[in-house]
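These notes concern the structure reproduced below.
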Amino acid sequence: MKANLVMTKELVVCHPDQTVLEVLKVLRERSFHVLPVVDENNKLLGAVNMLSMLSKLVPEYILNGYLKSIPYAPDMGVLRKHYKEIIDHKVVDIMEKNPTVVGENESLLSVTAALISFDRFEYAFVVDKDHALIGIVAASDIVRALSQLDPEVLFDA
Amino acid sequence: MHDSVNHVIFGLDPTWVAVSILLVVYAVIMAEKFNRAVLSLLGAGMMILCGVLTQQQAVAGIDFNTIGLLTGMMVIVAISQKTGMFQYVAIKSAKIVKGDPWGILVMLSVVTAVFSAFLDNVTTVLLIAPVTLLITDALDIKPYPFLFAQILSSNIGGTATLIGDPPNIMIGSAANLSFYQFLVNLAPITPLIMLVTMVAIWFMFGKGLHATDEAKALVMQFNEDDAIEDVPLMKKSLLVLFLVISGFTVAHSFHLEPASIAMFGAALLLLLQTWGQPLHDKDHAYEGIMAEVEWTTIFFFVGLFIVVTGVEHTGVIEMLAHKTLELTGGDFNATAGAILWVSAIASALIDNIPFVATMIPLIESMAPTFGSADALVPLWWALALGACLGGNGSLIGASANLIVAGFAQRAGHPIMFLQFMKHAFLLMLMSIAIAHTYLYLRYLS
């Protein structure tokens, strides 16, 4: 079975010059976990989710030093201060630039391996040879395909 | 040693080949465009491929006491920093002074100096700088004075002991000076240098440090007890740190080298760390710790020792030593002073590790002039003081400086090269003047 048989094709996307606030609204109102960021030619530039926004709120010296966890520190208003700053930024500033990308003819095995090895979103973005976005495969799509267990579809004939 | 020079390819003069390799390697290291470990290993390889050294001579040139001591301490620190005990001390020290900004600056500087004396400087600032930024964020105050003081303190503290700074490790190993000798000869002068430096920092920044009562209250909300993440591991780490440092102090009497003690301590802590866990978890933990050892630094040292050995074999360093002695007229006091000041200026501008690696054989070959190897001891203290304290002269003077600058950059308050030098260079010269007076009064007069 190939990626293009399990992927979702009707996609909601966002554009790099939209503000973070606009994108957060879409994510919240439509209960999406992730939005692909594409340019005017539908070329995939990156992806955003709640975590990519939150990761910009925590000071970098906490994330990139010896302070992996800081159970002793109070809130200090840092998150809110940075939140107010970040919502007016453009999506391009906060997006994940290297989301997991797969080809439409890749096998499900390959897509699953790619998701586990590289993913930060539980989603793989399916692109054509021009890197234009044509679909998204979620981890749940793969599980659904497996549970339907149709041998003829599962094994590449 | 001239006779041991091998067949250099193309009939080139081995002296020029060796010196050219050394100069090119040092120049490219200074340009900071390539990884310094890669460069030093390429240089080491060239020394062998060009026939300046055989592989046996190259391997014999590696100071495995330095390598073992560095690696052992890196393993011990990699394990003990996981316990959170260093963060605990930093936060506790900020709360002791009730969140007062100047008090915090002094306390964090003292903590940095003391940690730097017993841990690697880079590790110390990796532990303390992020906590400092958390605290200055809570105080809503610019972090520059705090980080500035921390850089100076880490280099001053590192001067105090054999294991405080890589130059000291190299000097101690090459000159067979013990941990105890370093403690008795270098540690006494560091508190004075620290005090004078803090007074100067007070005049530069002290009056400008203000925080609101709410901000101070926020610092008091930090709960240092929550910093300790693993009490059993902390006890094991403290036990091993205590054993290792005691071991260093008495090592000389038992004819033990510091590397044996550090590596034994590392192995012991690796064993204790995962005591009672299933084998699979143990292996996983060992591999994690091994990955945290800074192999880049270790391989940099390996390559560097070989490059310097190559030049040493050609007799150039001995010749330079004779030239230096001609300049100082063979006068011991003048030679010591020259080593101190030249080391300080050089270490402010270039990496002090290759500098010290080159100076060691140079000073060693002065032994005949001054009678014996024992007569050289004050010169080693001059080199150690110059190379360690000199690191404070500029932002590129020591690796720890650059680490702190990196944190400052990420926190949105970059430390500028010239701004730092304007404040730090004079303070560095002042510390060298104090060191010179100390050397003169104690060893030279």
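Probing with 1.4 Å while keeping every protein chain in the model, the per residue accessible area of region B:188-327 equals 54 Å².
How many percent of DSSP beta bridges within the protein assembly as shown run antiparallel, rounded to 5? The partial results should precede the final answer.
Details: 14 of 18 bridges.
Once the DSSP bridges in the protein assembly as shown are tallied, antiparallel ones form about 80 percent.
Please give me, ordered by residue number, the GluC sites (Glu not before Pro) of region A:6-36 that lie in loop per DSSP and have at most 10 other Cβ atoms within 10 Å. Loop-located and lightly packed - A:10. If a spin label sat at a point 7 angstrom from the Cα of residue A:89 along the line to its beta carbon, the backbone N atoms of region A:14-51 nearer than 17 Å would be those of A:15-25, A:35, A:37, A:46-51.
In deg cm²/dmol and to the nearest 500, what is the mean residue ellipticity at 222 nm of chain B if only DSSP H runs of at least 4 residues count, each as -39500 (n - 2.57), divided by the residue total? It would help to have the intermediate numbers written out before the result.
Working: 22 runs with 324 residues, N = 445.
Taken over chain B, the calculation gives -23500 deg cm²/dmol.
Backbone amide hydrogens, once placed in the peptide plane, bring residue A:102 within less than 5 Å of A:125, A:126, A:127, excluding anything fewer than 5 places away on its chain.
Out of the total accessible area of the protein assembly as shown (probe 1.4 Å, heavy atoms of protein only), what percent is carbon and sulfur? Each step should come with its number before you reach the end.
Values: 17350 of 27330 Å².
It is 64 percent, rounded to a whole number.
Rounded to whole numbers, the Karplus 3J(HN,Hα) couplings from phi for region A:24-39 are 4, 4, 4, 4, 6, 5, 9, 6, 7, 8, 8, 10, x, 9, 10, 8 Hz, using 6.51 cos²θ - 1.76 cosθ + 1.60 with θ = phi - 60°, and x at Gly and Pro.
Let me check something: with ligands and nucleic acids excluded, how do B:73, B:430 order by accessible area (1.4 Å probe), largest to smallest?
On the way: B:73 20, B:430 65 Å².
From most exposed to least exposed: B:430, B:73.
Pairs of Cα atoms nearer than 8 Å and 6+ residues apart set the relative contact order; for chain B it is 24 percent.
With 10 Å bins beginning at zero, the pair-distance distribution over Cα atoms of region B:97-246 amounts to 11, 34, 33, 18, 4, 0 %.
Exposure here means at most 12 other Cβ atoms within 10 Å; with trypsin sites (Lys or Arg not before Pro) in a DSSP loop as sites, the longest stretch of chain B lacking them is B:99-445.
Sequence-ordered 3J(HN,Hα) estimates for region A:3-17 from the Karplus curve with 6.51, -1.76 and 1.60 and θ = phi - 60° stand at 4, 5, 8, 10, 6, 7, 9, 7, 10, 9, 10, 10, 10, x, 8 Hz, glycine and proline given as x. Per-residue extension of 0.36 nm, minus the Cα-Cα distance of residue B:192 and residue B:217, leaves a gain of 5.7 nm for this segment.
Starting from the Kirkwood radius over alpha-carbon pairs of the protein assembly as shown, derive D by Stokes-Einstein at 20 °C in a medium of 1.002 mPa s and give it in µm² s⁻¹.
Numbers: Rh = 27.3 Å.
Stokes-Einstein gives a translational diffusion coefficient of 78 µm²/s.
Rounded to 0.05, the FRET efficiency of the residue A:107 and residue A:29 pair, given R0 = 60 Å and the Cβ-Cβ distance, is 0.95.
Annotation: average projected area of chain B is 22.6 square nanometres, based on the convex hull of Cα atoms across all directions.
Residue by residue, region A:42-58 carries 3J(HN,Hα) couplings of 6, 6, 6, 9, x, 8, 10, 9, 4, 5, 5, 6, 4, 5, 8, 8, 8 Hz when phi is fed to the Karplus relation 6.51 cos²θ - 1.76 cosθ + 1.60 (θ = phi - 60°); x denotes Gly or Pro. For region B:111-140, heavy-atom accessible area (probe 1.4 Å) falls by no less than 40 Å² from the chain alone to the full protein assembly at B:126, B:130, B:134, B:137.
Solvent exposure of region A:38-142 amounts to 53 Å² per residue of accessible area, where only protein heavy atoms count and the probe is 1.4 Å. Here's the list of aspartates and glutamates a cross-link from residue B:282 could span, going by alpha-carbon distance under 16 Å and ignoring same-chain residues fewer than 8 apart: B:292.
Chains A and B: how much accessible area gets covered up at their contact, both sides added, probe 1.4 Å, in Å² to the nearest hundred? Mind showing how you got there, number by number?
Values: alone 10050 and 19000 Å², together 27330 Å².
Looking at A and B, the buried total is near 1700 Å².
In region B:221-276, a dipole from Cβ-located charges (positive for Lys and Arg, negative for Asp and Glu) runs towards its positive end, and of B:251, B:228, B:266 it is B:251 whose Cα lies farthest in that direction.
Antiparallel beta bridges, as assigned by DSSP with both residues in chain A, represent about 80 percent of the total such bridges.
For the pair residue A:39 and residue B:203, what calculated FRET efficiency results from E = 1/(1 + (r/R0)^6), where r is the Cβ-Cβ distance and R0 = 51 Å, to the nearest 0.05? So the FRET efficiency works out to roughly 0.40.
The values are calculated or read from the model by the stated rules, or taken from the named source; none is laboratory data. This one's a predicted model, so the numbers in the text were calculated from it and none came from an experiment. Virtual Cβ from ideal backbone geometry, glycine too; neighbours counted across all protein chains shown. Note: areas computed on protein heavy atoms with side chains; ligands, DNA, RNA excluded. Shrake-Rupley method; radii C 1.70, N 1.55, O 1.52, S 1.80 Å.
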